[in-house]
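Scroll down for the structure; my scribbles are underneath it.
The values are calculated or read from the model by the stated rules, or taken from the named source; none is laboratory data. Please read these numbers as outputs of a predicted model, since none were measured by experiment. All Cβ positions, even for glycine, are placed from backbone atoms using ideal geometry, and neighbour counts span all protein chains on display.
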Amino acid sequence: MKKSAAFMLSISFFILLKPSLLLASEKQLVGVFGASGRTGVHIIEELKQRDVDIRAFSRRAKENSDNVNWAVADVTSEESLTEALKDVDIIISAIGPVGGDNSENVDYLGTINIVAAAKKNGVKQIIYMSSIGAGGAENISTVMLNLLANKTMKWKALAEDQIRKSGIDFTIVRPGGLIGDPATQGIQFSQGDNVLGWIPREDVAAVLVESIFKDGAKNKTFEVINDDSLAVDAWRNEFDSLELNQYGVIATGELPTRYWLTPLLVLIGIIYLIKRRRARKLNNSV
Ligand SMILES: NC(=O)c1ccc[n+]([C@@H]2O[C@H](COP(=O)([O-])OP(=O)(O)OC[C@H]3O[C@@H](n4cnc5c(N)ncnc54)[C@H](OP(=O)(O)O)[C@@H]3O)[C@@H](O)[C@H]2O)c1
């Protein structure tokens, strides 16, 4: 009895002298890549409402403010990330190429570096903002994006794959076309990359941040689009119904067969009809 009383007393003294040791492990530290971006600013605002510590990353130095600690990190340099991710528990990545950079460099190689640095630092969850189309969708907007923007979906798909194979818990969110409108919170989740639609960046940020707090979001890949017919906030209870290993296919960025085969067959048909008509005219004139 005496021994246990002495033990309790020494523990109490220890806590009184070092209260930081108790507090240190309470809050999760969330590291946000792309924090200065158009979705990133909403992610930071959403995180400020939650009981977490925030480390925001940018390639440029920024002043700390309102519980946000800014750190310089460039995803194209693994060394800069290893130091930046020290003590980070959860990563949210909303990076994207800016100023003439490309998706291969930022989305793909950047994600390889993030995953490597995350492993070294014992990060527990990676939440990645990808895009509808990274699961092999063959709709016209995805096809045009691949044609005009350096096979963007191929690089996003390969980045997703790196995260899924990392061994770290992940959540991959694929938004539809991004708009700057205020959040509506009527959000449809789906899987398999078969939907098309729009979504405000503020809504995407809400889904990314909520994924920290929902066990059902772990190791899932899913699309999000705006749907005003759905009840506001209903999506917050939808994570459990998402399935594991449902991500469509790894997009290649190539022009899908049906986009060139049908026009080719039509062209061959037209050439055949023109030749037949000419041959008839020739026969008639002889
Ligand atoms: N447009 C659409 O309709 C659409 C649809 C679905 C998904 N998406 C994807 O959603 C993502 C976010 O889009 P957004 O419009 O919110 O982004 P954004 O405003 O273009 O911001 C991009 C962010 O990426 C960061 N970044 C770029 N290169 C970096 C590097 N080398 N190292 C570290 N950070 C880097 C920038 O940070 P600093 O400059 O501060 O370093 C910036 O904060 C993008 O990947 C985009 O492709 C877009």
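Structure notes:
- Tally of residues being in contact with a helix residue (DSSP H, G or I) (Cβ under 8 Å, 6 or more places away or on another chain), closer than 19 Å to Leu81 by Cα and more than 9 Å from the ligand (Cβ to nearest atom) across segment 124-158: 4
- Residue count, segment 205-236 (criterion: in contact with a Leu (Cβ under 7 Å, 6 or more places away or on another chain) and of a type in the set (Val, Ile, Thr)): 1
- Candidates Val209, Val204, filtered to the one that is touching a residue at least 24 places away in the same chain (Cβ under 8 Å), assigned by TED's automatic domain parsing to the domain that holds Gly96 and more than 19 Å from Ile168 (Cβ to Cβ): Val204
- Of residues in segment 100-120 being small (Gly, Ala, Ser) and near the ligand (Cβ under 9 Å from one of its atoms), the one farthest from Phe170 (Cα to Cα): Ser103
- Residue match in segment 150-158 (condition: touching a residue at least 40 places away in the same chain (Cβ under 8 Å) and on the phi > 0 side of the Ramachandran plot): yes
- Residues located in segment 56-75, provided they are charged (D, E, K, R) and within 13 Å of the ligand (Cβ to nearest atom): Arg59, Arg60, Lys62, Asp74
- Taking the criterion of being within 11 Å of the ligand (Cβ to nearest atom) and of a type outside the set (Asp, Glu), the residues of segment 201-226 that qualify are Arg201, Val204, Ala205, Leu208, Val224, Ile225.
- Condition check for Gly167: in contact with a Lys or Arg (Cβ under 9 Å, 6 or more places away or on another chain), exposed (fewer than 15 other Cβ atoms within 10 Å of the Cβ) and not polar (S, T, N, Q): yes
- Remark: pairs (first residue in segment 163-179, assigned by TED's automatic domain parsing to the domain that holds Asp193 and in contact (Cβ under 8 Å) with a residue 40 or more places away in the chain; second residue within 16 Å of the ligand (Cβ to nearest atom) and of a type in the set (D, E, K, R); Cβ separation under 6 Å; 6+ apart in sequence or on different chains) = Ile172/Glu160; Arg174/Glu223; Leu178/Arg201.
- Near pairs, Cβ below 8 angstrom, 6+ apart or cross-chain, from segment 235-249 (assigned to a strand (DSSP E or B)) to any residue that is among the basic types (Lys, Arg) and buried (at least 19 other Cβ atoms within 10 Å of the Cβ): Leu244/Lys220
- Qualifying residue in segment 83-99 (condition: within 30 Å of Thr257 (Cβ to Cβ), within 12 Å of the ligand (Cβ to nearest atom) and not acidic (Asp, Glu)): yes
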